[in-house]
Amino acid sequence: MIHQVVAAPKHIPEQEGLQFALSHNIGYEIPSFVEPELLENPEPHLSHWKKALESLSGLLTLHGPVYDLNPVSLDPKIAKASQLRYTQAADVCKALGCRYLVVHSQFSTIFSVAQIKQEWLSASVDFWQQFAEEVLEGTPTLSVAIENFMEEDPEQLRELIDAINHPQVKACLDTGHTNIFSKVPPITWLDVLENQLVYIHSHNNYGQFDEHRGYKYGSVEMEGFLNHLVLLPYKINLALEIFNHPELEESYKIVQHFRSIQCEQYPEQSFLI
């Protein structure tokens, strides 16, 4: 079922995106710390965000760094730099009180071509277990949500999360990524990830480019996806990662329609987690 709704509007003026979340009394995903220079010198930006978020009552999350990262690279300098960026992002989350740090799995299809998929998976398990023990330790209110990137099927992400086996490392489903890189529909991803899934980046595209369009603009049948989502017997947070304001507004209205159905038709599910 849909738990909390979160606005994740990147490439929209910052104040405009935040105001959307505040005006609808929903959560907000901070987009700006994907930039390496902000992670290098976060202090002035932390002051800004603490002030900007004073009125936010919904779920607060943060999109972690994404550029050129591979925390399990065979090149130790690349691995070390990647690991540093994730630690810096977690420190920002702790300072701002974020509930989730959303990160890409960084899986690449080249790992399949090079026949090192299993080695990548094993090294990733080791890294995230160590990250949870060393970085998340003592902050039970912060969890990492690992988002599918170029995975072709949901079983691989499920295997990763299961093997990490830590209550503060869970899965994030990105509907746009599944439409580009996977032949498996998003509904099947929901069913396979099950209660390991805590967060969804929801948006649409036409299967070629990661356009982050609204629900009606792409080849994913988003209303069917939402209908399936509200029937699930556990709570999942739904982020609208849509990159233009009119389509963000339109998609939010669609979500509200399904949330109304959820409240009216399935009130007995409200206690489930």
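Each reported figure results from applying straightforward, stated rules to the coordinates on display, with no laboratory input. Fair warning: this is a prediction, and the values are worked out from it, not measured in the lab. When we count neighbours, we look across all protein chains shown, and the Cβ atoms used for this are built from the backbone with ideal geometry, even at glycine.
By the Cβ distance rule (another cysteine Cβ under 4.7 Å), the unpaired cysteines of the chain are C172, C263. The slack between Q265 and S32, meaning 0.36 nm per residue of separation minus the straight C-alpha distance, is 80.1 nm.
For the stretch 2-271, the relative contact order works out to 18 percent when only alpha carbon pairs closer than 8 Å and six or more residues apart are counted. In summary, the lysines within cross-link reach of K77, defined as a Cα separation below 29 angstrom excluding same-chain residues under 8 places away, comprise K94, K117, K170. Sequence-ordered 3J(HN,Hα) estimates for the stretch 13-18 from the Karplus curve with 6.51, -1.76 and 1.60 and θ = phi - 60° stand at x, 3, 5, 5, x, 5 Hz, glycine and proline given as x. Applying a DSSP loop filter and a limit of 14 other Cβ atoms within 10 Å to the trypsin sites (Lys or Arg not before Pro) in the stretch 172-225 leaves K183, K216.
Given a 10 angstrom Cα cut-off, can you work out which residue in E147, E134, E54 is the most mobile in a GNM of the chain? Of E147, E134, E54, the most mobile in the Gaussian network model is E54.
Within the stretch 110-211, the percentage of alpha carbon pairs spaced more than 23 angstrom apart rounds to 29%. Partner aspartates and glutamates whose Cα lies under 19 Å from the Cα of K50, excluding those fewer than 8 positions away in the same chain, are identified as E14, E16, E29, E35, E37, E40, D91.
Close amide H partners of L59, meaning residues 5 or more places away or on another chain with modelled amide H under 5 Å apart, are G27, Y28. Derived value for the stretch 1-107: Kirkwood hydrodynamic radius 14.5 Å. Basis is the mean of 1/r over every pair of different alpha-carbon atoms.
Among T175, Q15, C93, flag the residue with its Cα farthest along the positive direction of the charge dipole of the chain, charges on Cβ as +1 for Lys/Arg and -1 for Asp/Glu. With unit charges placed on the Cβ atoms, the residue in question is Q15.
For the chain, the mean residue ellipticity at 222 nm estimated from helices alone is -13500 deg cm²/dmol, where every DSSP H run of n ≥ 4 contributes -39500 (n - 2.57) and the total is divided by all residues, rounded to the nearest 500.
As a proxy for reagent exposure, Y206, Y28, Y100 were ordered by neighbouring Cβ count within 10 angstrom, fewest first; the result is Y206, Y28, Y100. When a/c is below 1.5 the answer is rounded, else prolate if a/b is larger than b/c, else oblate, so apply that to the stretch 203-260 with a ≥ b ≥ c taken from the square roots of the Cα gyration tensor eigenvalues. It comes out prolate by the Cα gyration axes.
When the chain is treated as a GNM with alpha-carbon contacts under 10 Å, the residue of H24, H201, H212 showing the greatest mean-square fluctuation is H24.
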